[in-house]
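We did not get these values from a lab; they are worked out from the coordinates using the rules stated. Note that the coordinates shown come from a computational prediction; the quantities given were computed from them, not determined experimentally. As a convention, Cβ positions derive from the backbone with ideal geometry for all residues, glycine included, and neighbour counts pool all protein chains shown.
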Amino acid sequence: MSPYISDRQFTNYIHNNVAIPNIYNPLNWEQVNLNEDFAEQIDMQNGIDYVFRHNGQIKTVQERFRESKYRQYSDFTIRYRRDGNMHADRRESEYYKMQAQFFTYGITNCLKSNLPSCTSFLKYALIDLEKVYSKIDNGEIIIRDNNRNFCRIIENNGVRIIECPVKYNRDGSSSFFPIEISFLIELFGNDIVISQNGFI
């Protein structure tokens, strides 16, 4: 029986062995080594997993990697609310606290139970989160509790926009919304999806 591999072990392995050589190195993004306490602080408080430097500029990144069994999915999700939480100050989730400029999402060619076989991504995207949030603020992406399962492109006053549904975890403890990566590319191109493979 394979040893249990935690989400953190999986994510760290993929970051170091797959994401660095396949996503960041081709872009000439150089990882900044952070003090361990500071790294934990910005992760917990600001949703920032890693910091990179490129052409003198700092790039902050949140990462999410999934196993190959999720290959059919073509969207990424952002945790939205935890309205059932007894602590009022904990009801706003990732969407409200995340300050990372970029979001790296990748579906690997492997399962967590066999880390050495993790050598590449079946698909990945590096997304400019600041621009996603800007599109949400100006109404080009709308989040709507509409009982749908997937995003769709709709027309609003003659303008094509992305409508993203609010989804609820089975236990009702929290909600999230998916954003279809191919729709970001279709409507906004390289302005939002900086680098990708496999989503179109």
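Please work out which option in [x] 52, 46, 31; [y] 48, 41, 34; [z] 70, 43, 36 gives Cα extents along the principal axes in Å calculated from these coordinates, and answer with its label.
[y]
With an 8 Å Cα cut-off and a minimum separation of 6 or more residues, compute the relative contact order for region 7-197 in percent.
20 percent
Place a +1 charge on the Cβ of each Lys and Arg in region 7-197 and a -1 charge on the Cβ of each Asp and Glu, then give the dipole magnitude about the Cα centre in debye, rounded to the nearest 20.
Numbers: 23 positive and 25 negative charges, 117 e Å.
Computed about the Cα centre, the dipole is about 560 debye.
Which order do peptides 125-137, 67-79 fall in by mean Cβ count within 10 Å, highest first?
Numbers: 125-137: 18.5, 67-79: 15.6.
Most protected by this proxy first, the peptides run 125-137, 67-79.
How about region 149-200: which trypsin sites (Lys or Arg not before Pro) there are in a DSSP loop, with at most 13 other Cβ atoms within 10 Å of their Cβ?
Those that pass, being in a loop and sparsely packed, are R170.
I need the peptides 29-41, 53-65 ranked by packing, meaning the mean over residues of other C-beta atoms within 10 angstrom, with the highest value on top.
53-65, 29-41
Report the antiparallel proportion of the DSSP beta bridges in the chain as a percent, rounded to a multiple of 5. Intermediate values should be presented prior to the final figure.
On the way: 31 of 41 bridges.
For the chain, the DSSP antiparallel bridge percentage is about 75.
Among N16, M44, F65, pick out the residue whose Cα is farthest towards the positive end of the charge dipole of the chain, where Lys and Arg carry +1 and Asp and Glu carry -1 on C-beta, about the Cα centre.
F65
Given a cut-off of 26 Å, name the pairs among K59/K112; K59/K123; K59/K167; K131/K167 whose C-alpha atoms lie farther apart than that in the structure shown. If you can, show how the numbers build up before the last one.
Working: K59/K112 28 Å; K59/K123 22 Å; K59/K167 30 Å; K131/K167 22 Å.
Violating the 26 Å limit, Cα to Cα: K59/K112; K59/K167.
Can you compute the FRET efficiency between S113 and N35 using 1/(1 + (r/R0)^6), with r the Cβ-Cβ distance and R0 = 45 Å? Round to the nearest 0.05.
With a Förster radius of 45 Å, E is 0.85.
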